[in-house]
Amino acid sequence: MPFGKAMARVAANPISVSRQGVNSRLKKRILSDKLKKGQRLSYDGVVHEFSISRWAAHKVISQLKKDGLLVSGDKTGSFVV
């Protein structure tokens, strides 16, 4: 994607945030019980909602797992603890 188009996509989506911002928002949702225990968190859902790359979504989900807020199911995704 050319740089101009990428910038237009970000400008058109005010929800686009940094990886740290996404991590912070998801952590708050989990701790405030907006994301319920056992609820599945998908890479595609994070990518779509926050307009970040799959790599960034992977890093965010990995960090949430390290923080003990998510666990991995057997090839079924990541779930809120």
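The values are calculated or read from the model by the stated rules, or taken from the named source; none is laboratory data. From a predicted model like this one, the values you see are computed outputs, not experimental measurements. Don't worry about glycine lacking a Cβ; one is built from the backbone with ideal geometry, like all the others, and counts go over all protein chains shown. Ligands, DNA and RNA are stripped out before the accessible areas are found, and what is left, the full protein with its side chains, is counted by its heavy atoms. Shrake-Rupley method; radii C 1.70, N 1.55, O 1.52, S 1.80 Å.
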Quiz prompt | Count of the range 42-77 residues which are modelled with pLDDT under 95, open to solvent by less than 30 Å² (accessible area, probe 1.4 Å) and in a strand (DSSP E or B) | solution = 2
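Can you say whether LYS36 is assigned to a helix (DSSP H, G or I) and open to solvent by 70 Å² or more (accessible area, probe 1.4 Å), as far as the supplied structure shows?
On the way: assigned to a helix (DSSP H, G or I): no; open to solvent by 70 Å² or more (accessible area, probe 1.4 Å): yes.
Spelling it out, it is not the case that LYS36 is assigned to a helix (DSSP H, G or I) and open to solvent by 70 Å² or more (accessible area, probe 1.4 Å).
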Quiz prompt | Cβ-Cβ under 6 Å pairs, at least 6 apart or on other chains, the range 13-28 side of a type in the set (Val, Ile, Thr), far side at pLDDT 95 or above and surrounded by 12 or more Cβ atoms within 10 Å (Cβ to Cβ) | solution = VAL22/VAL60
